[in-house]
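The next block holds one structure in the form of structure tokens; read it before the comments.
Throughout, read-outs are computed from the coordinates displayed, never taken from laboratory work. The model shown is predicted, which means the values in this text are computed figures rather than measured ones. For neighbour counting, all protein chains shown are included, and Cβ atoms are generated from backbone atoms with ideal geometry for every residue, glycine included.
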Amino acid sequence: MTLATCADNVPWASDVYFAASGFDLVFFSSLDSRHCRNLAVNPTCAVTVHAPVATWRNIRGLQMEGVAGLAATAGEKASALATYLDKFSFARDLMANPVSTVRTVFRAHAHVFRPARIRYLDNRLGIGARFSIDLADGTPVWPPRQEKPGLAP
């Protein structure tokens, strides 16, 4: 996913590996990374998730706005790690080497992105065809709605 952050009125975008836990998206990253430093100052951010395509006519994916931050409690950290390991076998491989794992774990921390709005964009249905749904505390606020192309509510 691409994570867009902003601090001191300067935007930044970073690609991060993520795993979904319900509507929340879990990622691990160093606190020293620019996007994590930005999130520490301003947790409001945006995310996109999409597959690469050869033409604009095939663009489809998710556009989300919300907040992200560190998994705070031991339970949140354990849940984030379990979610991540379920998706990424390479992360399991890291656990097989204790020395490497200790170094990695102390640098990478669990973060959770919680969307407040999710938009689905699908140009195959027409240029800028979008559907959106708001979320409150991780729960969808029904019904989803179709947005007019080129306009964001």
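One table, with the values for the structure above:
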item: Charge dipole (debye, nearest 20) of the stretch 1-85; +1 at Cβ of Lys and Arg, -1 at Cβ of Asp and Glu; result: 220
item: Sum of side-chain charges, residue 136 neighbourhood, beta-carbon under 14 Å (Lys, Arg +1; Asp, Glu -1); result: -2
item: Expected 222 nm ellipticity per residue - DSSP helices of 4 or more, -39500 (n - 2.57), all of the chain, to 500; result: -7500 deg cm²/dmol
item: Cα centre as origin, Lys/Arg/Asp/Glu Cβ charges: the chain dipole, Debye; result: 320
item: Label corresponding to Cα Rg over 2.2 N^0.38 Å when calculated from the structure given, among (i) 2.59; (ii) 1.13; (iii) 1.20; result: (ii)
item: Local net charge near residue 19, Cβ-Cβ under 13 Å (Lys/Arg +1, Asp/Glu -1); result: 0
item: ³J(HN,Hα) computed for each position of the stretch 2-13 - Karplus, 6.51 cos²θ - 1.76 cosθ + 1.60, integer Hz, glycine/proline x; result: 9, 9, 9, 10, 8, 9, 6, 6, 10, x, 8, 10
item: Ratio Rg/Rh, restricted to the stretch 23-100 and using Cα atoms, in which Rh is the Kirkwood radius; result: 1.03
item: Percent RCO, i.e. relative contact order, over the stretch 2-147, from Cα pairs under 8 Å lying at least 6 residues apart; result: 25
